[in-house]
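Student: Below are the structure tokens for one structure; questions will follow.
Read-outs throughout are calculated quantities, based only on the coordinates presented, and are distinct from any laboratory measurement. Please read all numbers here as calculations on a predicted model, not as lab measurements. Every residue, glycine among them, receives a Cβ derived from its backbone with ideal geometry; neighbour counts consider all protein chains shown.
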Ligand SMILES: *Cc1c(COP(=O)(O)O)cnc(C)c1O
């Protein structure tokens, strides 16, 4: 049990302020929005994209009294009820505490690193070892300096083995992770090129990664990735590969359409097993898992039996449309406290309905550990859940929950039978269950069917991209997120909810009705409307939407309307035309605009902005410089003329990166948020959307036949043709026809053949292993696809029709 006194001893730092409370500290928190149990929380003011010190008042207001800071905090001056420890680096302090905590346990800890496959190996090992061991795995992608610390903090005496994933992006990071994790068994997965940008060479990166294994007793690795000199001196090296000298040898593989037969030599024995994968990466990951099991002492028969039962993992939480206007959050693949916390956070963040139902399965560790129960109860009580549907044999603990509506089923079968009598409507439903409970069957019953084509949106990637751009901005610069055109095709309130939760300062839409939709979904952030028109003035006022004002005529018209409505001080955003020549006042008109604004208290200038026409193009830098200068002169003139300040903003995505002098008071982030790195300068953006369809039919046709309208697709050889359900009505433009468009099936690329139809198109799959029902990735490389038809990624994204279902997920 940790009290603040003990924490201060671990850190060898005196308490700056001490309120003498002996509360146990159970939660390490760093985000004031995510506090479940304030009395037992220790808040770390981390220096991240935002300075954590600014959230101290919020954390205090929520009831937190224990703080780790790195500077003097004036807020504490008149507070006698807080405990404060000041350190140089709060993150390092958290890691020191966690290292101490980890040292309390002597069970084996498997540390996994590598470029690819870490999460999958972790999840598979969890699946393979769970039948007879109590395994802790670090949640989802918690593999960073902060993520690993938070994961290790969850270790407790209930477990007898832990699997921790470690990822690095910069030199020097692995040392810190190693000191916390102190793995006993090291696992090196595939070494590829991920995260290479901060490293000089592949060797430097590998050497850095291997620091995780400094003190291990055994290392599991393929000799293709390392040699003897890199294995720690005291460690056993368990090798896997295709060589007869390897401990686990892959003798032969026979690849079928959906599975692979593996001929293995495990120790001295020859074994055969079949796995439901065909790709090389999965096979490597399986060999890694086999090696770990072998090292842990499992016999070859048990290994083969468990490997044969291995299932592909859907390792992420998905947001789907459900029956009766419900939102389904599907997290039916695992259940433990840490991952439950993540999905509850997501439920809060996607605040789609007032009513929230949680369908939850029994959890490993619930019975024996009172502290565990206590944490679970706190977590559930503080997340606004109206109804809990519990599937499990233990239910005495439910009495401690403050949730009024509780239903209990002893197993999934029983719940399925009762499902149609339970009413689900107009609510968010989080479905969270351990794999054995097969909650996917519940998900299936409650979600709406989608036709073959879907656009998957990775909400995590949006968060990540937002952070990546934020980290380029000084603290005081505000951020406006462009959500116009259905958030560049990726969805409206789902994305806006995330952005609101992430505390962006402004949202921007193209038309008033887009703003109305966001307000109806409960978005309270200020919203700017780029192209307001007279017909929508009433909506602007009613829904508090702030128009861009781009001409004298428009300014006068809007003022007249505000006078009729008796409104004053309505915020407007004045647009200056410095070269785009689309909308906006010329610099020469500013003086007249000032006169009108000064004479009419109905409007107040909230911001003044211009749009750069070529901020990403180095050959146009002189022009961009001229635009910025014209803007600055006009902004000075305006400020003097109206006598008050306003938000000044100029920079779009490319300018955030290329024109730091144009950050001014606020930036307008668009395409970069959605993961498209137009200038190839970011390196750390994540892909946000993937458009997927499925193969509907396959035909064998002889040479000379033609495919599709107007007989454009002439077969030059005997061919195999697949039909997929995406056409120009879905936004797959006709220009992609006749071989221009390339799609991906499994790891293979295939081209379109013939003209694109309205709802379908055909692919030449002659050389490819393919079956009806196979998944097809429509734009394997969005940037390239845009280039192939002479356009830009923006156009492809926003063209994807709204009839294509969006499925949101969160890793
Ligand atoms: C769309 C838009 C942006 C965002 O541009 P990106 O290149 O996508 O970052 C910024 N400002 C205005 C006025 C826009 O219309």
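Student: Would you mind calculating the gained length between residue 734 and residue 20 on full extension (0.36 nm times residue separation, minus the Cα-Cα distance), in nm to one decimal?
Tutor: Computed gain between residue 734 and residue 20 is 249.8 nm.
Student: Round to a whole angstrom and tell me the spacing of the C-alpha centers of the range 725-801 and the range 61-112.
Tutor: Here the two parts' Cα centres lie 51 Å apart.
Student: Also, I was wondering about something else. Counting other beta carbons within 10 Å of each Cβ, put 280, 320 in order, fewest first.
Tutor: On the way: 280 13, 320 22.
Fewest to most other Cβ atoms nearby, the residues stand as 280, 320.
Student: Express as a percent, rounded to the nearest 5, the fraction of DSSP beta bridges in the chain (both residues included) that run antiparallel.
Tutor: Details: 54 of 136 bridges.
Once the DSSP bridges in the chain are tallied, antiparallel ones form about 40 percent.
Student: Ok, one more. log10 I(q)/I(0), Debye, Cα-only the chain, no solvent, q = 0.08 Å⁻¹?
Tutor: -0.82
Student: Determine the percent antiparallel among the DSSP beta bridges restricted to the range 105-308, to the nearest 5. Intermediate results must be reported in sequence, preceding the final value.
Tutor: Numbers: 14 of 34 bridges.
Of those bridges, close to 40 percent are antiparallel.
Student: Calculate, in nm to one decimal, what residue 79 and residue 534 gain on full extension: separation in residues at 0.36 nm each, minus their alpha carbon distance. Let's see the in-between values first.
Tutor: Numbers: separation 455, 0.36 × 455 = 163.80 nm, distance 5.29 nm.
The residue 79-residue 534 span can extend by a further 158.5 nm.
Student: If you don't mind, another one. Okay, which of the range 747-767 sit inside 16 Å, backbone N to the point 7 Å along the Cα-Cβ direction of residue 711?
Tutor: Inside the label zone: 754-755.
Student: Next question, about the same structure. Residue 551 to residue 772: FRET efficiency via 1/(1 + (r/R0)^6), r the Cβ-Cβ distance, R0 56 Å, to the nearest 0.05?
Tutor: Working: r = 56 Å, r/R0 = 1.01.
For R0 = 56 Å, the calculated efficiency reads 0.50.
Student: I would also like to ask the following. Between residue 104 and residue 355, what's the calculated FRET efficiency when r is the beta-carbon distance and R0 is 45 Å? Round to 0.05. Intermediate results must be reported in sequence, preceding the final value.
Tutor: Values: r = 42 Å, r/R0 = 0.93.
For R0 = 45 Å, the calculated efficiency reads 0.60.
Student: Looking at the range 390-505 from every direction and averaging, what is the projected area of its Cα convex hull in nm²?
Tutor: Values: hull surface 45.6 nm².
If you wrap the Cα atoms of the range 390-505 in a convex hull and average its projections, you get 11.4 nm².
Student: How large is the helix-only mean residue ellipticity at 222 nm for the chain, computed as the sum of -39500 (n - 2.57) over DSSP H runs with n ≥ 4, divided by its residue count, in deg cm²/dmol to the nearest 500? Numbers along the way, then the final one.
Tutor: Numbers: 24 runs with 236 residues, N = 811.
That calculation yields -8500 deg cm²/dmol at 222 nm.
Student: From the C-alpha gyration tensor of the range 663-811, pull out the three semi-axes of the equivalent ellipsoid (sqrt of 5λ each), sorted largest to smallest, in whole Å. Show your work: numbers first, answer last.
Tutor: Values: eigenvalues 205, 48, 38 Å².
Listed largest to smallest, the semi-axes of the range 663-811 are 32, 15, 14 Å.
Student: Taking R0 as 56 Å, what's the FRET efficiency between residue 132 and residue 204 from their Cβ-Cβ distance, rounded to 0.05? Display every interim value, and only then the final one.
Tutor: Details: r = 40 Å, r/R0 = 0.72.
Efficiency for this residue pair is about 0.90.
Student: Now a separate question. Can you give the Rg to Rh ratio for the range 105-308, taking only C-alpha atoms and Rh from Kirkwood?
Tutor: Values: Rg = 16.3 Å, Rh = 17.2 Å.
Taking Rh as the inverse mean 1/r over Cα pairs, Rg/Rh reads 0.95.
Student: The range 553-689: percent of C-alpha pairs farther apart than 27 Å?
Tutor: Values: 2719 of 9316 pairs.
Cα-Cα pairs of the range 553-689 separated by over 27 Å account for 29 percent.
Student: Arranged by the count of other C-beta atoms within 10 angstrom, fewest first, what order do 561, 585 take?
Tutor: Working: 561 17, 585 23.
With the sparsest Cβ surroundings first, the list reads 561, 585.
Student: Please compute the contact order of the range 19-161 in relative form: average sequence separation of alpha-carbon pairs under 8 Å and at least six residues apart, divided by the residue count, as a percent.
Tutor: Working: 174 pairs, mean separation 25.8, N = 143.
Reported relative contact order: 18 percent.
Student: Apply the Kirkwood formula to the range 443-489: the hydrodynamic radius equals the inverse of the mean of 1/r over all pairs of different alpha-carbon atoms; give it in Å with one decimal. Numbers along the way, then the final one.
Tutor: Values: mean 1/r = 0.0719 Å⁻¹.
The answer is 13.9 Å.
Student: Please tell me the relative contact order of the range 458-674 in percent, rounded to the nearest whole number, where contacts are Cα pairs under 8 Å and at least six residues apart.
Tutor: Working: 369 pairs, mean separation 43.9, N = 217.
After rounding, I find 20 percent.
Student: Separate question: Report the Rg/Rh value for the range 14-60, based on alpha-carbon coordinates and the Kirkwood definition of Rh.
Tutor: Working: Rg = 11.2 Å, Rh = 11.6 Å.
Rounded to two decimals, Rg over Rh is 0.97.
Student: From Cα pairs below 8 angstrom and at least 6 apart in sequence, can you work out the relative contact order of the chain, rounded to a whole percent?
Tutor: Numbers: 1621 pairs, mean separation 65.4, N = 811.
After rounding, I find 8 percent.
Student: Under 13 Å from a point placed 7 Å out from the Cα of residue 788 along the Cα-to-Cβ direction: which residues of the range 451-468 have their backbone N that close?
Tutor: Flagged as within label range: none.
Student: Follow-up. Under the Kirkwood approximation applied to all pairs of distinct alpha-carbon atoms, what is the hydrodynamic radius of the range 2-89 in Å? Spell out each step's value before the answer.
Tutor: Values: mean 1/r = 0.0783 Å⁻¹.
It works out to 12.8 Å.
Student: Further, regarding this structure: Do me a favour and compute the ellipsoid semi-axes for the range 742-811 from its Cα gyration tensor, root of five times each eigenvalue, largest one first, whole Å.
Tutor: On the way: eigenvalues 85, 58, 37 Å².
Semi-axes from the Cα gyration tensor: 21, 17, 14 Å.
Student: Sort 185, 647, 220 by Cβ crowding within 10 Å, fewest neighbours at the top. Don't skip to the end; give the middle numbers.
Tutor: Details: 185 23, 647 18, 220 29.
So the ranking, lowest neighbour count to highest, is 647, 185, 220.
Student: In Å³ and rounded to a whole number, note down the convex hull volume per residue for the Cα atoms of the range 317-449.
Tutor: Values: hull volume 12.8 nm³, N = 133.
Cα-based convex hull of the range 317-449, divided per residue, equals 96 Å³.
Student: What distance in nm separates the two pseudo spin-label positions at residue 423 and residue 438, each 7 Å out from Cα along the beta-carbon direction?
Tutor: The two pseudo-label positions are separated by 3.0 nm.
Student: While we're on this one: Could you give the length gained by full extension between residue 625 and residue 256, i.e. 0.36 nm per residue of separation minus their alpha carbon distance, to one decimal place? Display every interim value, and only then the final one.
Tutor: Working: separation 369, 0.36 × 369 = 132.84 nm, distance 5.92 nm.
Contour length minus Cα-Cα distance gives 126.9 nm.
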